[in-house]
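Chemist: Could you have a look at this structure, given as structure tokens, before my questions?
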Amino acid sequence: MVATILGNIELDYPDYLRDESRRIGTAQSISFPVSEAQIVETVAEMFANDVPVTIQGARTGIAGGAVPDGGHILNLSRMTDITRMRRSDSEPDSFIITAQPGVLLSQLNAAIAAASFDTTNWSTESMDALQAFRTTGPWFFPPDPTETSAAIGGMTACNASGARTFAYGPTRDYVERIRVVLADGATLELTRGREKADGRTFSLHTESGSILAGRLPSYAMPTVKNAAGYFAADDMDMLDLFVGAEGTLGVLSEIDIRLVRAPHEVWGVVSFLPSSTATLAFVTRTRQAGAKPAAIEYFDSRSLDLLRAAKLENPAFSEIPDLPQSCHTAVYVEYHGSDEDAVSEAVMAMSEIMVECGGNEDAAWLASSARELEKLKAFRHAVPEAVNLVIDNRRKENSELTKLGTDMAVPDNALERITEIYSADLQEHKLDYVMFGHIGNNHIHVNVLPRNMSEYAVGKELYLTWAREVIRLGGSVSAEHGIGKLKSVFLREMFGEQGIAEMQAVRRVFDPKSILNRGNLF
Ligand SMILES: Cc1cc2nc3c(=O)[nH]c(=O)nc-3n(C[C@H](O)[C@H](O)[C@H](O)COP(=O)(O)OP(=O)(O)OC[C@H]3O[C@@H](n4cnc5c(N)ncnc54)[C@H](O)[C@@H]3O)c2cc1C
């Protein structure tokens, strides 16, 4: 029996009222289930009493999706077991592991890298698979949202991505099976390749024998990286409806993820370029060059200035290598491969492009060992952290201030246009900002750092204007963070009234009272 803790959540559990969006919510009770049975028990009780439930993974989300808006908090951080392993039936050169939703990405990556799991309660079949895993590896789980303290349940609910998505795709591509607890406590199990839509209609059987039938939304998904709205396609795997649904259709209580062969060689290079034009030319040519990079990441001149200042002022940033003074922008390119010659050749070809685009080969940083790569990773991760520190400082003066972080992707042919628009608007309004992110996927995060509420209002207006432009260009208003409670307006812009109504109709099939994650998406 799971204990539902009632009382003063604000006083006793303040951390659980927020996520990394810095939004602060309210709640009347909280529970920490350790099994699917306990999730079932809790949500069924809440459903019977019409109490809304907010699902929480590791609360690293930045769209406020895990921030409660009253009601009950279902916190899954104590469901951290990896319970099974098997070889994939469909792809022999991969393994499937079964994770509870609270397993952290850092925990998962460490276990996979060391081929060391807590095998208490593992079956003989899983132990045999582990034996094969150890002798045939190394293996890895490609999705890499920058924040490794994210949990697998949260990553699946948001269809999280990261730098390596450029080559490997988002979390969705690695989800093979899910177990779902629906709002009334009924359970569903969905396996890739097994439960399929028929065109745009679906009919699913819960484990207690009820039939859930409905129509999928009729819209076409954008062809860019996307984490906005329900996934819908003809004859789709029904588990894909739940991946990226941000907990509005059910609680993911168990997730099977696919591991693929780890690359033998991983090399990363940070190139410094003299202008935005040079950077765009470099990115376009690197994308088109023979060897496909695993990641292409961008840091504008203001991100580099922010890091220089952070390094001077804050010992936490001392690990970041010294940045060359004369550079304008930085681009990180990572190559993966099975042999050193091929990867070194790819890096040399990229270096030639860099020099032709005006970059200085001697100033570039090359990492080919795990230790060196960690340093470059620290550099890349320092930008969002430095941004958060700036905002936290400004919030001391005005607690209502938050950063405005965009998360939009456009098609390849619109990258130049959208970056021009961002820069022109930000400069015209003299806002403080940085731009960085996954330029390989045409997915640049603009972070507006308002100094006061009037700048915040201007930034908010610009964000809406940009969202409309991104949609017009065929892009997505959220490429990886999801819509949460902060971006419903943009979702409506993207899919229109009809699209929203169709999503809401799907939701009613699974959660007729809108109990789960009320306020997310719509
Ligand atoms: C510094 C920083 C950098 C980041 N960089 C990236 C990045 O590069 N790419 C990226 O994709 N994200 C990034 N994020 C965002 C975040 O890490 C991801 O969205 C992550 O997937 C959230 O996982 P979580 O476990 O923390 O989920 P939470 O924040 O706890 O929840 C996120 C959403 O999922 C729902 N949810 C959680 N668990 C479940 C479940 N078991 N069943 C149903 N619904 C559930 C929640 O209700 C909420 O709506 C970054 C965050 C930070 C702080």
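The values are calculated or read from the model by the stated rules, or taken from the named source; none is laboratory data. Bear in mind the structure is a predicted one, so any value in this text is a computation, not a measurement. Cβ: placed from backbone, ideal geometry, glycine included. Neighbour counts: every protein chain shown. Areas reflect the complete protein model, heavy atoms only, side chains present, ligands, DNA and RNA absent. Shrake-Rupley method; radii C 1.70, N 1.55, O 1.52, S 1.80 Å.
Chemist: Filter the stretch 431-482 for residues that are within 15 Å of LEU404 (Cβ to Cβ) and assigned to a loop (DSSP other than H, G, I, E, B) and give the result.
Modeler: The answer is LEU431, ASP432, LEU449, PRO450, ARG451, ASN452, VAL477, SER478, HIS481.
Chemist: Residues being within 20 Å of GLY250 (Cβ to Cβ), assigned to a loop (DSSP other than H, G, I, E, B) and within 13 Å of the ligand (Cβ to nearest atom): count how many of those fall in the stretch 483-521.
Modeler: Here the count works out to 10.
Chemist: While we're here: Under the condition of being under 15 Å from GLU420 (Cα atoms) and among the polar types (S, T, N, Q), which residue from the stretch 434-468 is surrounded by the most Cβ atoms within 10 Å (Cβ to Cβ)?
Modeler: My answer is ASN442.
Chemist: Name, by its number, the condition in (1) in contact with a Gly (Cβ under 6 Å, 6 or more places away or on another chain); (2) within 16 Å of the ligand (Cβ to nearest atom) that does not hold for LEU373.
Modeler: (2)
Chemist: Consider SER126 carefully, then state whether it is open to solvent by 20 Å² or more (accessible area, probe 1.4 Å) and not aliphatic (A, V, I, L, M).
Modeler: Criteria not met by SER126.
Chemist: Would you call LEU401 aliphatic (A, V, I, L, M), outside any helix (DSSP H, G or I) and open to solvent by less than 40 Å² (accessible area, probe 1.4 Å)?
Modeler: yes
Chemist: Among the listed residues GLY405, GLY474, GLY482, GLY459, which satisfies the condition of being touching a Cys at 6+ places or on another chain (Cβ under 6 Å), more than 23 Å from ALA278 (Cα to Cα) and not assigned by TED's automatic domain parsing to the domain that holds PHE299?
Modeler: Only one candidate qualifies: GLY482.
Chemist: Please specify each residue of the stretch 150-163 satisfying the condition of being at pLDDT 95 or above and over 8 Å from the mean Cα position of the chain (by Cα).
Modeler: Once the filter is applied, which keeps residues that are at pLDDT 95 or above and over 8 Å from the mean Cα position of the chain (by Cα), the stretch 150-163 yields ALA150, ALA151, ILE152, GLY153, GLY154, THR156, ALA157.
Chemist: Which ones in the stretch 404-430 are part of a helix (DSSP H, G or I), open to solvent by 10 Å² or more (accessible area, probe 1.4 Å) and of a type outside the set (D, E, K, R)?
Modeler: Scanning the stretch 404-430 gives ASN413, THR419, ILE421, SER423, ALA424, GLN427.
Chemist: If we keep just the residues of the stretch 267-277 that are surrounded by fewer than 19 Cβ atoms within 10 Å (Cβ to Cβ) and in contact (Cβ under 8 Å) with a residue 24 or more places away in the chain, which is nearest to ALA163 (Cα to Cα)?
Modeler: Across the stretch 267-277, the extreme among qualifying residues is SER276.
Chemist: Quick check on the stretch 302-310. Is at least one of its residues under 19 Å from HIS443 (Cβ atoms), of a type outside the set (D, E, K, R) and open to solvent by less than 20 Å² (accessible area, probe 1.4 Å)?
Modeler: yes
Chemist: Turning to a different aspect of this structure: If LYS513 satisfies all but one of (1) more than 30 Å from ILE73 (Cα to Cα); (2) open to solvent by 10 Å² or more (accessible area, probe 1.4 Å), what's the number of the condition it fails?
Modeler: The one condition LYS513 does not meet is (1).
Chemist: Of the conditions (1) among the hydrophobic types (A, V, I, L, M, F, W, C); (2) modelled with pLDDT of 90 or more; (3) not assigned by TED's automatic domain parsing to the domain that holds VAL283, LEU366 clears all except one; give me its number.
Modeler: (3)
Chemist: Find all pairs meeting these conditions: Cβ atoms under 6 angstrom apart; at least six residues apart or on different chains; first residue within the stretch 61-75 and closer than 13 Å to ILE24 by Cβ and touching a residue at least 60 places away in the same chain (Cβ under 8 Å); second residue near the ligand (Cβ under 8 Å from one of its atoms) and in a loop (DSSP other than H, G, I, E, B).
Modeler: GLY64/GLY484; ALA66/ASP19; ALA66/ARG59; VAL67/ASP19
Chemist: Is it the case that some residue within the stretch 502-517 is touching a Phe, Trp or Tyr at 6+ places or on another chain (Cβ under 8 Å) and among the small types (Gly, Ala, Ser)?
Modeler: no
Every residue, every condition in (1) in contact with a Ser or Thr (Cβ under 8 Å, 6 or more places away or on another chain); (2) of a type in the set (D, E, K, R); (3) in the same structural domain as SER161 (by TED's automatic domain parsing); (4) in contact (Cβ under 8 Å) with a residue 40 or more places away in the chain, yes or no:
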{"site": "ILE391", "(1), (2), (3), (4)": "yes, no, no, yes"}
{"site": "ALA414", "(1), (2), (3), (4)": "no, no, no, yes"}
{"site": "THR419", "(1), (2), (3), (4)": "yes, no, no, yes"}
{"site": "SER423", "(1), (2), (3), (4)": "yes, no, no, yes"}
{"site": "GLN427", "(1), (2), (3), (4)": "no, no, no, no"}
{"site": "LYS430", "(1), (2), (3), (4)": "no, yes, no, no"}
{"site": "MET453", "(1), (2), (3), (4)": "no, no, no, yes"}
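Chemist: Hey, could you check the stretch 130-159 for residues that are more than 8 Å from the ligand (Cβ to nearest atom) and touching a Leu at 6+ places or on another chain (Cβ under 6 Å) and say which is nearest to LEU105 (Cα to Cα)?
Modeler: THR148
Chemist: Return the residue satisfying two criteria in turn: it lies in the stretch 53-69 and is of a type outside the set (D, E, K, R) and more than 7 Å from the ligand (Cβ to nearest atom), and of such residues it is nearest to GLU480 (Cα to Cα).
Modeler: Out of the qualifying residues, it is ALA63.
Chemist: Of a type outside the set (Phe, Trp, Tyr) and either touching a residue at least 60 places away in the same chain (Cβ under 8 Å) or outside the structural domain of GLU361 (by TED's automatic domain parsing) (or both): is that true of LEU280 in this structure?
Modeler: The answer is yes for LEU280.
Conditions (1) closer than 26 Å to ARG192 by Cα; (2) buried (at least 20 other Cβ atoms within 10 Å of the Cβ), marked per residue:
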| residue | (1), (2) |
| --- | --- |
| LEU6 | no, no |
| PRO14 | no, no |
| PRO33 | no, yes |
| GLU36 | yes, no |
| ILE39 | yes, yes |
| ALA63 | no, yes |
| VAL67 | no, yes |
| PRO101 | yes, yes |
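Chemist: Moving on. I'd like to verify a number: residues in the stretch 446-455 that are under 12 Å from LEU426 (Cα atoms) and not aliphatic (A, V, I, L, M), how many?
Modeler: Counting residues in the stretch 446-455 that are under 12 Å from LEU426 (Cα atoms) and not aliphatic (A, V, I, L, M) gives 3.
Chemist: Further question: If PRO92 passes every condition in (1) free of Cβ contacts under 8 Å to residues at least 12 places away in the same chain; (2) over 21 Å from ARG261 (Cα atoms) but one, which one does it miss?
Modeler: (2)
Chemist: Say we look at the stretch 41-52 and pick out the residues that are touching a Gly at 6+ places or on another chain (Cβ under 6 Å) and within 14 Å of the ligand (Cβ to nearest atom); which of these is most open to solvent (accessible area, probe 1.4 Å)?
Modeler: In this case the residue turns out to be PRO52.
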